[in-house]
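The values are calculated or read from the model by the stated rules, or taken from the named source; none is laboratory data. Predicted model only: the values in this text are computed from it and were never measured. A quick note on method: Cβ atoms are made from the backbone with ideal geometry, for glycine too, and the neighbour counts reach across all protein chains shown. Note: areas computed on protein heavy atoms with side chains; ligands, DNA, RNA excluded. Shrake-Rupley method; radii C 1.70, N 1.55, O 1.52, S 1.80 Å.
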Amino acid sequence: MTLPSKEEFSEWFHELIQCAEIMDVRYPVKGLYVWFPFGFKLRQLVYAKLREIMDRDHSEVYFPALIPEQELGKEGEHIRGFEDEVYWITHGGLTPLDVKLALRPTSETAMYPMFKLWIRTHADLPLKVYQIVNTFRYETKHTRPLIRLREITSFKEAHTAHRNYEEAEEQVKKAVGYYKEFYDFLAIPYFIVRRPDWDKFPGAVYTIAFDTIMPDGRTLQIGTVHHLGDNFAKTFEIKYEAVDGNHYYVHQTCYGISERCIASLISIHGDDLGLVLPFEVAPIQIVVIPILYKGKEENVLELCEELVKKLGKFRVVLDKSEERPGAKYYKWELKGVPLRFEIGPREAEKREVVVSFRDERKKFSIAVEEINEGKIERWAEEMRKRLREKAIASMLQKLKFSRNLEEISDIVKSSVVMVHLCKDKSCGEEIEAKGGKLLGWIEEMPEFIEQSYEGSCVVCGRSGKLALTARSY
RNA sequence: GGGGCCGUGGGGUAGCCUGGUAUAUCCUUUCGGCUUUGGGAGCCGGAGACCCGAGUUCAAAUCUCGGCGGCCCCA
């Protein structure tokens, strides 16, 4: 069970999610994968944070997975964006259905007919709901676990309705804030980018996306926030009676995060030995490894048990299995356990433990008496900081700034390229002709970027703003 | 959208070109036993596979066609 080097990212990712028991890729339908118990626990812990953030400002709901054909098709632009990849249910048993049912590719058209019933007056607004569900898309490109799926199993989608455009826009900003908090928590660096008009969500006024850079230099979209204006409200006739007695269309937003957040978590922090996980989301946070010699087991195990008891607040495993210590170290490192304690006869004698952090893999000794919950939490916080700094450093290595159109086709093969670009579609097309995809314009400057926000367009020379082009997943 | 490659125990593979030697190779995994334990121990014994369907043939893991599944490249 040896992992390929992370340099060969594609193989590394594929092997790791299996070796570390995140997902089983052997399910016999293309694009569908099985969550192992360990992977599902990781998912649960990551999504618990997402829920915590969402619950502050939204109510959780559940809408059906099946959408009747006429609802899905109501919004012209929306359906054109999805029609190639919708799964259809055409039969009930052997009987052909009068009304075909779509397996939701996303839930706007499932929710908004109900929003029409729920929203009567301004007092019903704002309406803010979210759900975490599976969605289906008939992907034709090569599918990949957690990244490109035919069944997205963990789509957190939020939908809000407001009195006017400005209030909806306020919500867009809040949503961006929520997602920042979420990815900061996971120590994953990101760009907040406004997608080009020709690449926004079908039916949206505009789309803000979170993109991160994977170890192979390709970008991964890990979150989107859409301002829908009153486009869907007009289609689904979602109106409210205002204080002035008139009826107005609501303005809506929607925003989503899928299990791609876990793909980025694994890929960005992981190393040649396997997973590296932030303490808070690690399914196993601490492993205690006894080093047993014949006749000296008792004292060692006693101290181990004492330590485990002391750490009761955390997710701890005491590994008493028959393997040798070295084999155990590799095993738990593969699983990304952030903190390891080793106790052998020497430690039992002095009431000490040997400590090793997963990210640094250095060892040091500390007295058992000095270990307490506060200390562990401080270590966890330091570890998160190290992970974040390391992630930013390797992200910057794969990011290049260019003011020369000609060199872009070469750079974009291995890196994400920053350029100044105007909003003209022809200039965007010119950039995309160099091999990358135009992700869009930086919406919020990250603190780790030094380039100026404004500059002259790399294509036409008129005034432009900082934009990103890259090969993307 | 276009093109190419591939499917052998749980994982990775040899054998396929040139059909028969085969009880299908080796590594890993797994189970039992002995022994060992401070960074992937060793020995002994056991378990476990030719993707599915059709065809050609006296004979198919091996050749042909179809299906399903996987991987890669180009747009």
Acute angle (nearest 10 degrees) that the helix A:37-55 long axis makes with the longest principal axis of chain A, alpha-carbon atoms: 50 degrees
Dipole axis of the stretch A:1-120 (+1 Lys, Arg; -1 Asp, Glu on Cβ), positive-most option in A:Val25, A:Trp88, A:Val61: A:Val61
What are the ³J(HN,Hα) couplings of the stretch A:431-448, residue after residue, when phi is run through the Karplus curve with 6.51, -1.76, 1.60 and θ = phi - 60°? Round to Hz, x for glycine and proline. 5, 5, 5, 7, x, x, 9, 6, 6, x, 9, 4, 8, 10, 6, x, 5, 8
Considering only protein heavy atoms and a probe of 1.4 Å, how much of the accessible area of the stretch A:182-223 is carbon and sulfur, as a whole percent? 43 percent
Compute, for A:Asp216, the solvent-accessible surface of its heavy atoms (probe 1.4 Å) with the complete set of protein chains present, and express it in square angstrom to the nearest 10. 50 Å²
Where does each of A:Arg471, A:Arg260 land when they are ordered by accessible area, with a 1.4 Å probe and the largest first? A:Arg471, A:Arg260
A:Lys173 versus A:Ala242: modelled label distance in nm, points set 7 Å from Cα along the beta carbon direction: 2.1 nm
Could you point to the residue in A:Ile366, A:Ala380, A:Leu292 farthest towards the positive end of the stretch A:279-383's charge dipole, with +1 and -1 charges on the Cβ of Lys/Arg and Asp/Glu respectively? A:Leu292
Between 0 and 90 degrees, rounded to the nearest ten: what's the tilt of helix A:373-397 against the longest Cα principal axis of chain A? 60 degrees
Let me spell out the model: positive unit charges on the Cβ of Lys and Arg, negative unit charges on the Cβ of Asp and Glu, origin at the Cα centre of chain A. What dipole size does that give, in debye rounded to 20? 640 debye
So, in nm, how far is label A:Glu302 from label A:Ser463 when the simple model puts each one 7 Å beyond its Cα toward the Cβ? 7.7 nm
For chain A, accessible area per residue (1.4 Å probe, heavy atoms of protein chains only), Å²: 45 Å²
Tell me, what % of the accessible area of the stretch A:338-392 is carbon and sulfur with a 1.4 angstrom probe? 46 percent
Between A:Met445 and A:Ser414, what length in nm is gained on full extension when 0.36 nm per residue of separation is reduced by their alpha carbon distance? 8.9 nm
Just to confirm the number: angle between the C-alpha axis of helix A:9-19 and the first principal axis of chain A, 0 to 90 degrees, nearest 10? 60 degrees
Taking Lys and Arg as +1 and Asp and Glu as -1, residues besides A:Ala48 with C-beta under 15 Å from its C-beta add up to +1
Accessible surface, 1.4 Å probe, highest first, among residues A:Trp332, A:Trp88, A:Trp12: A:Trp88, A:Trp332, A:Trp12
If you average 1/r over all unlike Cα pairs in chain A and invert the result, what Kirkwood radius do you get in angstrom? 24.6 Å
For the stretch A:279-383, what is the charge dipole size about the Cα centre, in debye to the nearest 20, if Lys and Arg each add +1 at the Cβ and Asp and Glu each add -1 at the Cβ? 280 debye
Given a 1.4 angstrom probe, I'd like the percentage of the accessible area of the stretch A:399-470 that is carbon and sulfur, rounded to a whole number. 43 percent
Tell me the accessible surface of A:Arg163 in square angstrom (1.4 angstrom probe, heavy atoms of protein chains only), to the nearest ten. 100 Å²
Ordering of A:90-96, A:441-447 by burial proxy (mean other Cβ atoms within 10 Å per residue, highest first): A:441-447, A:90-96
How high is the FRET efficiency between A:Lys234 and A:Asp98 when r is their beta carbon distance and R₀ equals 30 Å, given to the nearest 0.05? 0.60
With every protein chain left in place, what is the accessible area of A:Asp230 in Å² (1.4 Å probe, nearest 10)? 30 Å²
So for the stretch A:9-269, what are the equivalent ellipsoid semi-axes in whole Å, largest first, each being the square root of 5 times an eigenvalue of the Cα gyration tensor? 31, 23, 16
On a full-extension model of 0.36 nm per residue, what is the gain between A:Ser10 and A:Asn404, subtracting their alpha-carbon distance, rounded to one decimal in nm? 138.8 nm
Considering only Cα-Cα distances, which of the following residue pairs are longer than 23 Å: A:Lys310/A:Lys385; A:Lys200/A:Lys398; A:Lys309/A:Lys350; A:Lys128/A:Lys385? A:Lys310/A:Lys385; A:Lys200/A:Lys398; A:Lys128/A:Lys385
Counting only DSSP beta bridges fully inside chain A, the antiparallel percentage to nearest 5 is 85 percent
